[in-house]
Amino acid sequence: MSINALKGFKDIVPGEVETWQFIEKTARDIFHRFDLAEIKVPILEKTDLFIRSIGDTTDIVEKEMYTFIDRNGASLTLRPEGTASVLRAYIENGLLAKKTVQKLYTIGPMFRHERPQKGRLRQFHQMSVEVLGSDHPRVDAEMMAMATLIMRELGLSASLEINSLGCPQCRPAFNKALLDFLHQTESICDDCRRRRETNPLRVLDCKSAHCQEQYLRSPSILDFLCSDCTTHFARVKEGLELLAIPYRVNSFMVRGLDYYTRTTFELVTGDLGAQSAVGAGGRYDGLVKQLGGPDVPGIGFAMGMERLALLLEQQGKTLAAPGLDLYVVALGSAAQSKGFALTQALRHAGLTATMDYQDRSLKNQMKQAGKAMARFALIMGEEELARGEAVLRNMESSGQVPFVLTGEVGTWARELAAKVI
Ligand code: ATP
Ligand code: MG
């Protein structure tokens with residue numbers, strides 16, 4: 001019996017990985033244009049980090065984390081999202097002292113014990129951005145512009161939904177109004193009934209359609225924003241308008257993490273069934289301080305790479321692996337030895353090249369070259385080699401020209417590179 005991968009954990013094999021590379025390359029390029037720096041952080045952290053940031057009454061912390069006790073008896077967790085780890089690193093490495101506004105991105109796997117389905121895995125991958133040190137509403141608009149540009153350069157479309165969740169000044173009045181509403185709304189699920197008492201805002205994130213139907217009549221947080229939050233939200237919208245980015249205000253959007261303040265946003269698509277969010281984020285002004293750092297504001301977002309890959313696949317936009325520049329076809333042991341050295345020299349010269357070690361016939365080696373999508377083949381036969389000659393074949397046009405072998409393999413390689421690149 002062979003051993004299979006865990007449920008919800010997926011291999012990304014050749015044929016698929018090219019699409020992933022395209023997504024990552026596109027995003028990295030855009031991150032660079034926005035003057036972001038990459039940060040790499042561990043995937044394993046102390047469990048407390050996530051409890052303190054994401055919030056202990058969220059779905060993620062209550063039911064989705066991969067938490068275990070290690071050999072030293074410490075409680076550790078495979079990160080369910082990136083923000084907490086990046087903020088911990090920001091504090092621990094004193095990044096504030098290096099730059100008052102730090103703009104960071106990271107790309108990597110996240111882990112949540114959810115029910116696997118299309119676009120929902122237990123190990124999934126995010127490209128995420130965190131900007132620390134500015135609460136300017138234009139930064140919020142810029143985040144959404146960045147996410148929108150990534151979608152555009154991937155050739156995908158999604159609509160932008162935004163909301164404001166207010167701040168510690170205005171949230172209590174809203175919580176009270178929401179609680180009053182919830183006490184009058186009897187037919188809600190047990191989870192919501194429980195959360196109503198601990199963290200009323202959380203109920204709005206309930207996945208039950210029946211609950212959501214009730215909540216359409218719930219009070220809108222936008223009616224409770226303090227004047228600073230109202231102004232901030234207005235300026236975020238103004239920023240989006242200046243950049244000509246269309247958006248829709250969705251006052252029921254709360255997001256699944258407790259740390260958000262003020263702006264939250266989601267990029268949604270109608271093409272992924274229930275998994276409609278391809279990217280999401282928001283502002284978290286109190287979080288760095290809450291994690292023991294300085295009182296600096298922050299905002300971030302994450303895009304789900306599985307969902308982006310699915311969308312590209314659905315649109316037939318999958319990418320093929322790039323072919324070889326040149327396949328060295330060698331016949332007989334003398335030619336095979338020369339060919340072996342030449343293949344290496346071709347790589348030194350910058351070409352993608354390979355050869356066959358199975359002592360296959362000419363016909364079969366040409367078949368291999370075709371399979372490898374080689375643009376050219378250099379055919380070296382025993383007799384031709386003795387005469388100092390080989391044949392360069394253009395695999396696409398089938399045109400063949402003699403190639404004179406003068407000097408040593410390094411010279412051949414450089415001449416070939418000049419001909420085929
Ligand atoms: P959802 O509502 O779909 O569960 P979320 O609110 O939990 O998403 P975030 O925590 O904000 O999502 O993560 C940002 C992005 O990461 C999502 O928009 C989505 O594209 C992706 N994502 C989140 N959870 C998963 C998962 N289990 N599998 C694949 N992608 C995911
Ligand atoms: Mg979720």
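The values are calculated or read from the model by the stated rules, or taken from the named source; none is laboratory data. Being a predicted model, the structure only gives us computed values, none of them experimental. Heads up, the Cβs are rebuilt from the backbone with ideal geometry, glycines too, and the neighbour counts pull from every protein chain shown. The protein model used for the area step is the full one, side chains on, heavy atoms only, and it has no ligands, DNA or RNA in it. Shrake-Rupley method; radii C 1.70, N 1.55, O 1.52, S 1.80 Å.
Taking the conditions (1) within 16 Å of ligand 1 (Cβ to nearest atom); (2) more than 29 Å from Leu49 (Cβ to Cβ) in turn, Phe301 satisfies each one other than (2).
With of a type in the set (Ser, Thr, Tyr) and either within 15 Å of ligand 2 (Cβ to nearest atom) or under 27 Å from Arg152 (Cβ atoms) (or both) as the only criterion, which of Ser337, Ser251, Ser333 stands out?
Details: Ser337 fails: either within 15 Å of ligand 2 (Cβ to nearest atom) or under 27 Å from Arg152 (Cβ atoms) (or both); Ser333 fails: either within 15 Å of ligand 2 (Cβ to nearest atom) or under 27 Å from Arg152 (Cβ atoms) (or both).
It is Ser251.
Among the residues making up segment 237-262, a single one is part of a helix (DSSP H, G or I) and either closer than 28 Å to Pro80 by Cα or free of Cβ contacts under 8 Å to residues at least 60 places away in the same chain (or both): Glu241.
Among the candidates Leu287, Leu257, which residue alone is among the hydrophobic types (A, V, I, L, M, F, W, C), more than 17 Å from the chain's Cα centre (by Cα), more than 9 Å from ligand 1 (Cβ to nearest atom) and within 24 Å of Thr230 (Cβ to Cβ)? From the options Leu287, Leu257, the qualifying one is Leu287.
Before we move on, is Met143 closer than 22 Å to Lys40 by Cα and open to solvent by less than 20 Å² (accessible area, probe 1.4 Å)?
Values: closer than 22 Å to Lys40 by Cα: yes; open to solvent by less than 20 Å² (accessible area, probe 1.4 Å): yes.
So Met143 passes the test.
The number of residues in segment 181-195 that are open to solvent by 20 Å² or more (accessible area, probe 1.4 Å) and farther than 15 Å from Asp59 by Cβ comes to 6.
Can you name the condition, by its number, that Ser75 falls short on among (1) modelled with pLDDT under 95; (2) in contact with a helix residue (DSSP H, G or I) (Cβ under 7 Å, 6 or more places away or on another chain)? Among (1) modelled with pLDDT under 95; (2) in contact with a helix residue (DSSP H, G or I) (Cβ under 7 Å, 6 or more places away or on another chain), Ser75 violates only (1). Among the residues making up segment 1-28, those that are open to solvent by 40 Å² or more (accessible area, probe 1.4 Å), part of a helix (DSSP H, G or I) and out of contact with any helix residue (DSSP H, G or I) (no Cβ under 8 Å at 6 or more places or on another chain) are Val17, Gln21, Lys25, Arg28.
Taking segment 143-176 as the range and being of a type in the set (D, E, K, R) and within 16 Å of Arg28 (Cα to Cα) as the test, the residues that pass are Arg152, Glu153. When residues in segment 63-76 are screened for being surrounded by 15 or more Cβ atoms within 10 Å (Cβ to Cβ), within 16 Å of ligand 2 (Cβ to nearest atom) and not aliphatic (A, V, I, L, M), 2 of them pass. So, Ser85, is that one closer than 20 Å to Arg283 by Cα, in contact with a helix residue (DSSP H, G or I) (Cβ under 9 Å, 6 or more places away or on another chain) and either outside the structural domain of Gly166 (by TED's automatic domain parsing) or within 16 Å of ligand 2 (Cβ to nearest atom) (or both) or not? No. Summed over segment 34-63, the residues that are within 13 Å of ligand 1 (Cβ to nearest atom), more than 27 Å from Gln102 (Cβ to Cβ) and either under 20 Å from the mean Cα position of the chain (by Cα) or assigned to a loop (DSSP other than H, G, I, E, B) (or both) give a count of 0.
Of these, Lys63, Lys103, Lys98, which one is among the basic types (Lys, Arg) and at pLDDT 95 or above? If you could, list the steps in order and put the result at the bottom.
Details: Lys63 fails: at pLDDT 95 or above; Lys98 fails: at pLDDT 95 or above.
Of the residues listed, the single one that is among the basic types (Lys, Arg) and at pLDDT 95 or above is Lys103.
Only residues that are among the hydrophobic types (A, V, I, L, M, F, W, C) and surrounded by fewer than 22 Cβ atoms within 10 Å (Cβ to Cβ): list them for segment 254-267, please. Val254, the sole residue that qualifies. Each residue in segment 77-110 was checked for being open to solvent by less than 30 Å² (accessible area, probe 1.4 Å) and under 16 Å from Asp48 (Cα atoms), and 11 of them qualify. Taking every residue in segment 108-122 that is within 15 Å of Leu311 (Cα to Cα) and within 9 Å of ligand 1 (Cβ to nearest atom) and pairing it with any residue that is at pLDDT below 95 and not in a strand (DSSP E or B), at least 6 positions away or on another chain, the pairs with Cβ-Cβ distances below 7 Å are Gly119/Leu272; Gly119/Gln275; Arg120/Gln275. Only one entry in Gly300, Gly270, Gly279 is within 30 Å of Gln117 (Cβ to Cβ) and free of Cβ contacts under 8 Å to residues at least 24 places away in the same chain, namely Gly270. Any residue that is within 24 Å of the chain's Cα centre (by Cα) and buried (at least 16 other Cβ atoms within 10 Å of the Cβ) - is there at least one of those in segment 169-180? No, segment 169-180 contains no residue that is within 24 Å of the chain's Cα centre (by Cα) and buried (at least 16 other Cβ atoms within 10 Å of the Cβ).
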